[in-house]
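Here's the structure, in structure tokens; my notes come after.
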Amino acid sequence: MEFVSGWTAPEPTAVRGGRADGDGQEERAVCVQCGDPTEYPASTRGATLCPVCEWHEAERVACSC
């Protein structure tokens, strides 16, 4: 039995600091908190966060009522 979902993992990239490694991929945006590359292209507007920082931000702002 094969598990099928609509979610796919982001492609791993050898990008650090938002620069592409010359293989034709678009530059990746840099996380505004930790500096790691994000899943978003550099052309994305606004404050971009890596998946780890997004998770921490979601935990921080979640209502604990």
(message) Where the second residue is part of a helix (DSSP H, G or I) and acidic (D, E) and the first is at negative phi and lies in region 44-65, which pairs have Cβ atoms under 8 Å and are six or more apart or on separate chains?
(response) L49/E57
(message) Going through P41, P37 one at a time, which residue ends up being modelled with pLDDT of 60 or more, surrounded by 10 or more Cβ atoms within 10 Å (Cβ to Cβ), touching a Lys or Arg at 6+ places or on another chain (Cβ under 6 Å) and not hydroxyl-bearing (S, T, Y)?
(response) P37
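The values are calculated or read from the model by the stated rules, or taken from the named source; none is laboratory data. Worth saying up front: this structure is predicted, and the values here are computed from it rather than measured. FYI the Cβ positions are ideal-geometry reconstructions off the backbone, even for glycines, and counts take in every protein chain you see.
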